[in-house]
Amino acid sequence: MTSPIDIGGGGASVVVDGEPEPETKSEAVKLAGRSPGQLMWLRFKRDRTGVICAVVVICYFVVALLAPLLVKLSGTDPYTLYGQDPTYADKPLLDEFGLPLGYLGGVSGDHWFGVEPQYGRDLFAMLVYGMRTSLYMALGITVLIMLTGVVIGLIGGYFGGRTDYWIGRGTDFFLSFPQQLFFIAFMPVVTSFFVDPREETPTYFRALAMLIVLWLLGWMGMARLVRSTVLSLREREFVEAAKVSGASPWRIVRKEILPNVVTPILVQFTYQLPSTILSIAFLSFAGVGFVEPTPDWGRLFAAGARYAEQDPAFMFFPGVALVIFVLCFNLLGDSVRDAFDPKSGR
């Protein structure tokens, strides 16, 4: 990618292989003093698509964080059955068939995204609270997956031999499970070990069970990616020089190898997070994740599937919100990859 940019004192310079080539000596000195992270940030800021997607993703997390405040401003909550509560009888929301009155699922000044058929719960409140549940749970699971995969991949790739062999066989074992079917089958087993089947499973325990299942079946891809990168790095000259100088394996991994695998880790993170959100939504959609009345993106889709024929508008706002988030996060991953490796191209 080659384009003119302005650095420092207003002179034009040329970008070669993603790096600005300044015209003056002072500009060259300034550029030479920049770290790889600063150069990556310069390349990322020039990618308008990446910047826009980053802003959109940040807005999603801010909305999820401020969900209680936003719901308070709207004057609703995700739990009240507005269509059945006698308090709101003077403002009917549902017809005799339980379908929302008005356009686009009952959109109005009181209910910004409409209401849920049969019950009359506010869809805006359910959506922002569902985003809060899904996004922050997916963030925690993704961080666990990344840490586990990085540690296992570093150990297997650096030490090799029997260590790498047994780690590889363990990875193959976990990869042999059909994930989607295993999610559905294993979730009830996990909960039955700790909760009496005659009792309602607490929401926090459902969240913990999903975290365990998704974590145990999600770290293998990251581990294999890190392992393959470390295998190519451990034979490089700077690693051999560190060994000759007497550096310990821990210091070599921490100082020489780990900084060189940051790029694939960050790129993989940007792909893993939306994938985890979809997995959480799938579990709730299949009935083994979050259940009534906990707001969740997947539960909204499960409810929308029941109402699809009578009220297809119920799926509109949750569906659009999820598509935009996943699309922006994937495009952000492409931008991060190109910022770290300008020769990769798109």
GLY120 long-range amide H proximity, modeled H, under 5 Å: GLY83
Relative contact order (%) - the chain, alpha-carbon pairs under 8 angstrom, separation at least six: 22
With a 1.4 angstrom probe the carbon and sulfur portion of accessible area for region 91-144, in percent, totals 64
For the chain, what does -39500 (n - 2.57) per DSSP helix run (n ≥ 4), summed and divided by total residues, give at 222 nm, in deg cm²/dmol to the nearest 500? -20000 deg cm²/dmol
So what does the Cα-only Debye profile of the chain read at q = 0.09 Å⁻¹, as log10 I(q)/I(0), no solvent term? -0.67
What accessible area per residue, rounded to a whole number of Å², is obtained for the chain using a probe radius of 1.4 Å? 53
For region 267-276, 3J(HN,Hα) per residue [Karplus equation, 6.51 cos²θ - 1.76 cosθ + 1.60, θ = phi - 60°, Hz, x = Gly/Pro]: 5, 5, 4, 5, 8, 6, 4, x, 5, 5
Around LEU94, which amide H atoms from residues at least 5 apart in sequence, or from another chain, sit under 5 Å from its own amide H, with H modelled in the peptide plane? LEU101
Disulfide-incompatible cysteines by the Cβ rule (no partner under 4.7 Å) in the chain: CYS59
Mind listing the phi-derived Karplus ³J(HN,Hα) values for region 65-70, rounded to whole Hz, using 6.51, -1.76 and 1.60 with θ = phi - 60°, and x for any glycine or proline? 5, 9, 3, x, 5, 5
Sorted by packing (mean other beta-carbon atoms within 10 Å per residue), highest first, where do 170-179, 325-334 land? 325-334, 170-179
Place the peptides 78-87, 117-126, 99-108, 222-231 in order of packing, highest mean first, counting for every residue the other Cβ atoms within 10 Å and averaging per peptide. 117-126, 222-231, 99-108, 78-87
How large, in percent, is the carbon and sulfur part of the accessible surface of region 162-230 at a probe radius of 1.4 Å? 67
Give me a comma-separated list of calculated 3J(HN,Hα) values for region 100-106, in order, Karplus coefficients 6.51, -1.76, 1.60 applied at θ = phi - 60°, integers in Hz, x for any Gly or Pro. x, 7, x, 9, 6, x, x
By how many nm would the segment from GLU237 to VAL189 grow when fully extended, if each residue of separation counts as 0.36 nm and the alpha-carbon distance is taken off? 12.3 nm
Rounded to the nearest 10 Å², the 1.4 Å probe accessible area of PHE317 is 40
Whole-Å semi-axes of region 104-144's equivalent ellipsoid, largest first, each the root of 5 times a Cα gyration tensor eigenvalue? 28, 9, 6
Leaving out ligands, DNA and RNA, what percent of the accessible area of region 259-339 is carbon and sulfur, probe 1.4 Å? 71
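The values are calculated or read from the model by the stated rules, or taken from the named source; none is laboratory data. Computed from a prediction, not measured in an experiment: that's the story for all the values here. FYI the Cβ positions are ideal-geometry reconstructions off the backbone, even for glycines, and counts take in every protein chain you see. Heavy atoms of the whole protein, side chains included, go into the accessibility calculation; ligands, DNA and RNA do not. Shrake-Rupley method; radii C 1.70, N 1.55, O 1.52, S 1.80 Å.
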